[in-house]
Amino acid sequence: MLQLQNVAMTYPNGVAALMPTSITVPKGQFLVLLGPSGAGKSTLLRCLNGLVKPTRGDITVEGLGSIFQSGRALREHRRQTGMIFQQHHLIGRLSALQNVLLGRVGAHGTLRSLFPLPRADRLLALQSLERVGLLDRALNRADELSGGQQQRIGIARAMAQRPKIVLADEPVASLDPATGEKVLADLHRICREDGITAIVSLHQVELARRFADRVIGLVHGRIVFEGTASQLGQTILDQIYTAAPLHMEAA
Ligand code: ADP
């Protein structure tokens, strides 16, 4: 279980990106964040990974307590939290396998252990590639792969970390709709199989409807909707997307 208690974030330039927000995410839930650009979705995900420290409130994780209580707690939280980014942040000149192995580095603490990693790590990385259907591409350079394949490598890298939590910031935004759906289906399936708690920001409402156990709609840093995917009717969508005067996005 993951809990945000009155978490708020105001950046040093004075932008109040997230108003005091409390959310409890049960273990294994696939939670989708919806909202127009600038709604605070990335800020919320960055707070959850401790990349930014909220200006108010606290984040607690089952078995760990507050992630901000000490540097050690934050490191442990990050070790058990996989990140997936829109631009996947792969190293293009490295092979798919080497990129996935980077997901194991945190488990060993220091850069000293980067290469060669123990055999068990290489096996785990190969298994992660197999789970996203890319075992046969293990030795290809990452930059030779298609966008969908690169994002699958990003997912495999996060999974090689054996995470309890996955945070994904618009993971399929740069893919065409059909590929995006398949890639998200892979992420969803693996999270289900492993009981991983996932918090995923999306801008495709259909994907939220298809995969989310629960949806949170954010506008101007505030929760305006919280419910199941089946409750995501047109009135709610209007509330989420038309309430934002600056960046209207297609629903
Ligand atoms: P979303 O992910 O929903 O598009 P963000 O969390 O990126 O929203 O942004 C929320 C608000 O915070 C926006 O007004 C944005 O301009 C602002 N913001 C985001 N990151 C920073 C930053 N590093 N410094 C200052 N303002 C920021």
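Quick notes on this structure:
- Sequence-separation-based contact order of the chain, relative, with Cα cut under 8 Å and 6+ spacing, percent: 27
- In terms of other Cβ atoms within 10 Å, 236, 84 run from fewest to most in the order 236, 84.
- Taking every DSSP beta bridge that has both ends in the chain, the antiparallel portion is near 55%.
- Residue exposure sequence - 194, 169 - by fewest surrounding Cβ within 10 Å: 194, 169
- Relative to the longest principal axis of the Cα atoms of the chain, helix 96-108 runs at roughly 80 degrees.
- Put in line by how crowded their Cβ is, counting other Cβ atoms within 10 Å and starting with the fewest, 53, 182, 41 read 53, 182, 41.
- Using alpha-carbon coordinates, inclination of helix 177-194 to the longest axis of the chain, degrees: 80
- Extension gain for residue 120 to residue 70 (0.36 nm times residue separation, less C-alpha to C-alpha distance): 15.0 nm.
- Within the listed set 232, 167, 117, the residue fluctuating most in the Gaussian network model of the chain (springs between alpha-carbon atoms under 10 angstrom) is 117.
- For the chain, built as a Gaussian network whose Cα springs stay under 10 Å, the top-fluctuating residue of 159, 19, 83: 19
- The residue 209 and residue 176 beta-carbon pair, evaluated with R₀ = 25 Å, returns a calculated FRET efficiency of approximately 0.85.
- Theoretical gain in end-to-end length, residue 189 to residue 162 [0.36 nm per residue, Cα-Cα removed]: 8.2 nm
- Net charge of neighbours whose Cβ lies under 13 Å from the Cβ of residue 90, counting Lys and Arg as +1 and Asp and Glu as -1: +3
- Centre-to-centre, using Cα atoms only, segment 12-29 and segment 154-222 are separated by 18 Å.
Every read-out reported here was derived from the displayed coordinates using simple, explicitly stated rules and does not represent laboratory data. Since this is a predicted model, take the numbers as computed values, not measurements. Because the Cβ atoms are built from the backbone with ideal geometry, glycine has one as well, and the counts that use them run over all protein chains shown.
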